[in-house]
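To keep things clear, I will list the structure first and then write my remarks on it.
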Protein chains: 2
Amino acid sequence: GWVRSVRSQKEVLFLHINDGSSLESLQVVVDPGLEKRDLTFGSAVEVQGKLVRSPHRMQNMELQAETIHVVGPCDIWSFPLKMKERHPLEYIRQFPHLRCRNNTLGALLRIRSAATAGIHSFFQDSGYVHIHTPIITSNDCEGAGELFQIEVKAKESAEKTHFFNVPAFLTVSGQLHLEVMAGAFTHVFTFGPTFRAENSQSRRHLAEFYMVEAELSFTESLQDIMQVMEDLFKTVTSTVLSKCPHDVELFHKYIAPAQKVMHVTGKKLFSSSCRISYSEAVEILKQAPQTFTFKPEWGCDLQTEHEKYLVKHCGEVPVFVVNYPYDLKPFYMRDNEDGPQHTVAAVDLLVPGVGELCGGSLREERLPFLESRLQRLGLTDAYQW
Amino acid sequence: GWVRSVRSQKEVLFLHINDGSSLESLQVVVDPGLEKRDLTFGSAVEVQGKLVRSPHRMQNMELQAETIHVVGPCDIWSFPLKMKERHPLEYIRQFPHLRCRNNTLGALLRIRSAATAGIHSFFQDSGYVHIHTPIITSNDCEGAGELFQIEVKAKESAEKTHFFNVPAFLTVSGQLHLEVMAGAFTHVFTFGPTFRAENSQSRRHLAEFYMVEAELSFTESLQDIMQVMEDLFKTVTSTVLSKCPHDVELFHKYIAPAQKVMHVTGKKLFSSSCRISYSEAVEILKQAPQTFTFKPEWGCDLQTEHEKYLVKHCGEVPVFVVNYPYDLKPFYMRDNEDGPQHTVAAVDLLVPGVGELCGGSLREERLPFLESRLQRLGLTDAYQW
């Protein structure tokens with residue numbers, strides 16, 4: 001592992017060594033006779049010794065060193081990270097090859113890894129077939145965002161002809177490919193990179209980000225979709241909380257102290273979850289004692305400020321909002337065929353501190369409905385195989 | 001599920017319905033009174049009834065239908081797939097939205113899904129941290145292949161400035177990013193898409209393909225690396241064989257009958273695996289009774305024909321070849337500092353029917369060795385953060 005701290009006392013030297021498997025370091029007790037000049041903060045070491053129960057309250061185990069070998073020395077004067085210092089994130093951005101040694105980044109990456117494992121386990125255990133939908137594609141899904149176009153590097157020679165004969169882009173969503181697969185496998189999912197050629201300086205997503213998508217055949221109710229979202233959310237939350245409790249604690253302590261509400265077990269998180277319709281949501285917002293930058297009105301998108309208010313209104317629990325206006329949503333969402341306030345069977349999950357976490361819908365399976373809607377939107381020729 | 005066959009008898013109608021969860025279909029026994037005009041091959045149906053033990057030898061269970069609902073009818077005259085017909089793969093290529101209903105493609109995608117699950121489980125269970133290495137990158141790793149360059153779609157306005165300020169490409173490997181992460185987490189892996197702007201019409205890889213990569217810190221011997229490769233291979237093989245035995249059987253029967261050798265359990269597969277050095281491999285090839293298109297010679301890359309011969313020579317088992325010539329391998333592989341036949345600590349795994357399946361090496365950790373080699377290759381300025 002890597003030395004995180006060196007503390008010299010009269011009779012003994014204490015090292016804390018971290019191997020990246022958790023936020024906690026292992027305390028190593030060293031006889032001063034074993035001390036070496038290059039046994040410094042930041043160095044990589046191999047220690048052999050006896051693992052014993054620690055007499056101190058702060059840790060269970062410690063290692064009594066018998067041999068120490070410095071595999072990779074570290075010049076502490078030129079090393080940009082300092083012992084026991086909480087470096088600002090903007091500072092460690094300058095050292096991309098070292099920043100994963102920082103506690104915050106390390107915790108983040110372990111949490112991400114645990115969440116990834118939880119996502120894969122959940123779908124595999126639920127009988128879903130995993131599909132790697134293509135990254136390079138010629139369609140832009142629902143016009144979800146700005147596209148990156150790709151060409152071969154040797155531009156001068158290739159200017160006239162496309163590598164794939166047609167213009168090719170980076171995917172913004174695997175949804176359309178996944179829908180096709182759901183026509184043979186009933187339950188399918190994908191979890192891969194997606195791309196938007198947009199400004200990344202927002203809390204929503206980067207130019208390159210990972211997204212979970214799933215499609216279910218033979219589903220006739222939004223209830224079923226909400227159940228999948230809820231189960232996935234619970235599984236991933238409890239996986240992360242059980243695998244990385246200290247890492248989560250670090251974020252509550254230093255990064256987002258106000259978000260402590262998330263630190264309940266995944267199982268409890270949904271016990272009081274709230275399900276409201278879009279129309280109800282607009283009524284709640286209209287009666288809110290606070291003024292919004294965007295005035296809430298039926299037929300308009302819910303803004304982040306609205307989503308946050310709804311979550312607060314329901315008691316800082318996850319909230320499902322269902323049945324959005326027909327005119328707000330893409331062509332493939334199922335028409336509810338309801339009165340003057342025309343809606344589709346769509347659902348969004350809002351969560352504390354984030355706003356919209358995921359969304360879904362029943363797909364329009366009735367060909368005449370699809371055809372007339374595509375025609376109305378002028379998309380009749382936009383989709384082809 | 002979807003109707004795969006309709007067989008009408010005097011007193012009873014037999015349906016085979018498949019929901020994509022396995023190659024096997026469920027036999028449904030239908031009273032002719034329930035028959036409908038649109039209950040055809042290819043249609044999507046919902047059947048309710050009683051699951052009973054089947055009197056026939058061919059299946060364990062069958063469903064005695066009580067109600068049948070045709071959710072999605074299918075015009076069998078215009079539907080391009082025909083009942084009980086084995087369509088050539090080139091034919092079904094024309095119908096990308098339907099080809100996953102074909103047995104071969106269905107089996108392939110289930111096997112891929114099972115293999116993906118096996119890969120994730122293996123690494124997570126072995127304490128690896130999963131890293132999503134970037135897809136969009138500004139470096140080209142080891143010059144592993146031709147690059148795709150990306151730009152925002154609106155070319156006319158963006159011609160002068162790059163979206164990311166520098167030219168950006170699709171990754172050919174996450175290795176360099178993963179090596180950095182191994183400097184904090186000891187064991188890391190990634191499993192994501194990689195890209196080569198090369199002709200895809202080969203058995204090796206497509207322009208877009210998924211690749212498993214792992215980096216281990218504190219590793220001092222090729223034995224450790226070979227052990228990881230072997231364990232990964234065994235886990236994935238046994239996962240696939242236990243989850244999709246019928247799908248694997250289909251490939252042995254119709255697609256690659258000669259490859260039956262793979263159809264032993266993953267545990268047995270390596271029991272007699274062979275480990276030879278590159279130099280030994282060249283000697284074996286020189287003494288081979290057959291003539292090769294490429295003459296085997298110390299210092300030259302092993303060609304696919306050579307790899308196949310070596311596997312055959314060792315008894316059609318997986319073969320590890322270690323210690324490749326220094327001049328053949330990239331700068332970051334560890335110099336063995338051996339005699340006139342100068343080698344590096346690299347290893348390739350060759351398997352029956354494929355040739356090279358994976359490769360790895362000890363990384364050169366000694367700075368002076370790295371610096372002099374980079375200088376010799378003229379790469380001193382090629383890598384920067």
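The values are calculated or read from the model by the stated rules, or taken from the named source; none is laboratory data. Values in this document were obtained by computation on a predicted structure and should not be read as measured data. In this analysis, Cβ positions are derived from the backbone assuming ideal geometry, glycine residues included, and neighbour counts consider all displayed protein chains. Accessible surface is based on the protein model in full, side chains and every heavy atom, while ligands, DNA and RNA are left aside. Shrake-Rupley method; radii C 1.70, N 1.55, O 1.52, S 1.80 Å.
Would you check if A:Ser78 is within 14 Å of another protein chain (Cβ to nearest Cβ), crowded, with 18+ Cβ neighbours inside 10 Å and out of contact with any Ser or Thr (no Cβ under 9 Å at 6 or more places or on another chain)?
Details: within 14 Å of another protein chain (Cβ to nearest Cβ): yes; crowded, with 18+ Cβ neighbours inside 10 Å: no; out of contact with any Ser or Thr (no Cβ under 9 Å at 6 or more places or on another chain): yes.
In short, no.
Could you count how many residues in region B:4-23 are within 14 Å of chain A (Cβ to nearest Cβ) and more than 16 Å from A:Met181 (Cα to Cα)? So that I can check it myself, show each step before the final result.
Going residue by residue through region B:4-23, those that are within 14 Å of chain A (Cβ to nearest Cβ) are B:4, B:17-23.
Still in the running and more than 16 Å from A:Met181 (Cα to Cα): B:4, B:17.
So the answer is 2.
Working only within region B:291-320, note down all residues that are open to solvent by 80 Å² or more (accessible area, probe 1.4 Å), among the hydroxyl-bearing types (Ser, Thr, Tyr) and either free of Cβ contacts under 8 Å to residues at least 12 places away in the same chain or in contact with a Leu (Cβ under 8 Å, 6 or more places away or on another chain) (or both). It would help to see each step written out before you state the result.
Taking region B:291-320 as the starting set, the residues that turn out to be open to solvent by 80 Å² or more (accessible area, probe 1.4 Å) are B:291, B:293-295, B:297, B:301, B:308, B:312-313.
Still in the running and among the hydroxyl-bearing types (Ser, Thr, Tyr): B:291, B:293.
The one that is open to solvent by 80 Å² or more (accessible area, probe 1.4 Å), among the hydroxyl-bearing types (Ser, Thr, Tyr) and either free of Cβ contacts under 8 Å to residues at least 12 places away in the same chain or in contact with a Leu (Cβ under 8 Å, 6 or more places away or on another chain) (or both): B:Thr291.
Just to be sure, is A:Leu269 at pLDDT below 90 and touching a helix residue (DSSP H, G or I) at 6+ places or on another chain (Cβ under 7 Å)? Lay out the reasoning, then the answer.
Values: at pLDDT below 90: yes; touching a helix residue (DSSP H, G or I) at 6+ places or on another chain (Cβ under 7 Å): yes.
It is true that A:Leu269 is at pLDDT below 90 and touching a helix residue (DSSP H, G or I) at 6+ places or on another chain (Cβ under 7 Å).
Would you confirm, using the coordinates I've provided, whether B:Thr219 is open to solvent by less than 50 Å² (accessible area, probe 1.4 Å) and on the phi > 0 side of the Ramachandran plot?
On the way: open to solvent by less than 50 Å² (accessible area, probe 1.4 Å): yes; on the phi > 0 side of the Ramachandran plot: no.
No; evaluated as a whole, the condition is false for this residue.
On the given criteria, is B:Ser25 in contact with an Asp or Glu (Cβ under 6 Å, 6 or more places away or on another chain), open to solvent by less than 50 Å² (accessible area, probe 1.4 Å) and closer than 22 Å to B:Asp247 by Cβ? First the steps, then the outcome.
Numbers: in contact with an Asp or Glu (Cβ under 6 Å, 6 or more places away or on another chain): no; open to solvent by less than 50 Å² (accessible area, probe 1.4 Å): yes; closer than 22 Å to B:Asp247 by Cβ: yes.
For B:Ser25, the condition - in contact with an Asp or Glu (Cβ under 6 Å, 6 or more places away or on another chain), open to solvent by less than 50 Å² (accessible area, probe 1.4 Å) and closer than 22 Å to B:Asp247 by Cβ - is not met.
Given the conditions (1) within 12 Å of chain B (Cβ to nearest Cβ); (2) free of Cβ contacts under 8 Å to residues at least 40 places away in the same chain, report the number of the one that A:Ala115 does not fulfil.
With respect to (1) within 12 Å of chain B (Cβ to nearest Cβ); (2) free of Cβ contacts under 8 Å to residues at least 40 places away in the same chain, A:Ala115 is out only on (2).
Checking the structure you have, find out if any residue of region A:51-60 is surrounded by 14 or more Cβ atoms within 10 Å (Cβ to Cβ), away from chain B (no Cβ under 14 Å) and under 27 Å from B:Glu365 (Cα atoms). Outline the logic, then answer.
To start, the set of residues in region A:51-60 that are surrounded by 14 or more Cβ atoms within 10 Å (Cβ to Cβ) comprises A:54, A:59.
Subsequent filtering for residues that are away from chain B (no Cβ under 14 Å) retains A:54, A:59.
Now drop any that are not under 27 Å from B:Glu365 (Cα atoms), which leaves none.
The answer is no, given that none of the residues of region A:51-60 is surrounded by 14 or more Cβ atoms within 10 Å (Cβ to Cβ), away from chain B (no Cβ under 14 Å) and under 27 Å from B:Glu365 (Cα atoms).
Filtering region B:28-50 down to residues that are under 24 Å from B:Arg101 (Cα atoms) and open to solvent by 90 Å² or more (accessible area, probe 1.4 Å), which residue is nearest to the chain's Cα centre (by Cα)?
At the first step, the residues of region B:28-50 found to be under 24 Å from B:Arg101 (Cα atoms) are B:28-30, B:35-48.
Among the residues that remain, those that are also open to solvent by 90 Å² or more (accessible area, probe 1.4 Å) are: B:35, B:37, B:48.
Numbers: B:Glu35: 43, B:Arg37: 43, B:Gln48: 38 Å.
Top of the filtered list is B:Gln48.
Which of the residues that make up region A:331-349 are in contact (Cβ under 8 Å) with a residue 40 or more places away in the chain, open to solvent by 10 Å² or more (accessible area, probe 1.4 Å) and touching a Phe, Trp or Tyr at 6+ places or on another chain (Cβ under 7 Å)?
A:Gln341
Residue check: is A:Leu328 over 22 Å from A:Leu377 (Cβ atoms) and open to solvent by 20 Å² or more (accessible area, probe 1.4 Å)?
Values: over 22 Å from A:Leu377 (Cβ atoms): no; open to solvent by 20 Å² or more (accessible area, probe 1.4 Å): yes.
Taking the combined requirement at face value, the residue does not satisfy it.
Considering only region B:12-19, I want to know if a residue exists there that is of a type in the set (Val, Ile, Thr), surrounded by 14 or more Cβ atoms within 10 Å (Cβ to Cβ) and touching a Gly at 6+ places or on another chain (Cβ under 8 Å).
For region B:12-19, residues of a type in the set (Val, Ile, Thr), surrounded by 14 or more Cβ atoms within 10 Å (Cβ to Cβ) and touching a Gly at 6+ places or on another chain (Cβ under 8 Å): present.
Conditions tested, residue by residue: (1) farther than 20 Å from B:Lys286 by Cα; (2) over 29 Å from the mean Cα position of the chain (by Cα).
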| position | (1), (2) |
| --- | --- |
| B:Val311 | no, no |
| B:Lys329 | yes, no |
| B:Tyr332 | yes, no |
| B:Asp338 | yes, yes |
| B:Ala346 | yes, no |
| B:Gly355 | no, no |
| B:Arg363 | yes, no |
| B:Leu370 | yes, yes |
| B:Thr380 | yes, yes |
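Could you list, in sequence order, all residues of region B:159-190 that are among the hydrophobic types (A, V, I, L, M, F, W, C) and more than 9 Å from chain A (Cβ to nearest Cβ)? So that I can check it myself, show each step before the final result.
Within region B:159-190, the first condition is being among the hydrophobic types (A, V, I, L, M, F, W, C), and the residues that meet it are B:163-164, B:166, B:168-170, B:172, B:176, B:178, B:180-182, B:184-185, B:188-189.
Matches in region B:159-190: B:Val166, B:Val172, B:Leu176, B:Leu178, B:Phe189.
As an exercise: evaluate A:Gly106 against (1) within 16 Å of A:Ile255 (Cα to Cα); (2) in the same structural domain as A:Val45 (by TED's automatic domain parsing) and give the number of the one condition it does not meet.
Unmet for A:Gly106, out of (1) within 16 Å of A:Ile255 (Cα to Cα); (2) in the same structural domain as A:Val45 (by TED's automatic domain parsing): (2).
Only one of (1) modelled with pLDDT of 90 or more; (2) under 30 Å from B:Pro134 (Cβ atoms); (3) not β-branched (Val, Ile, Thr) is not met by A:Leu39, so which one is it?
Tallying (1) modelled with pLDDT of 90 or more; (2) under 30 Å from B:Pro134 (Cβ atoms); (3) not β-branched (Val, Ile, Thr), A:Leu39 fails exactly one: (2).
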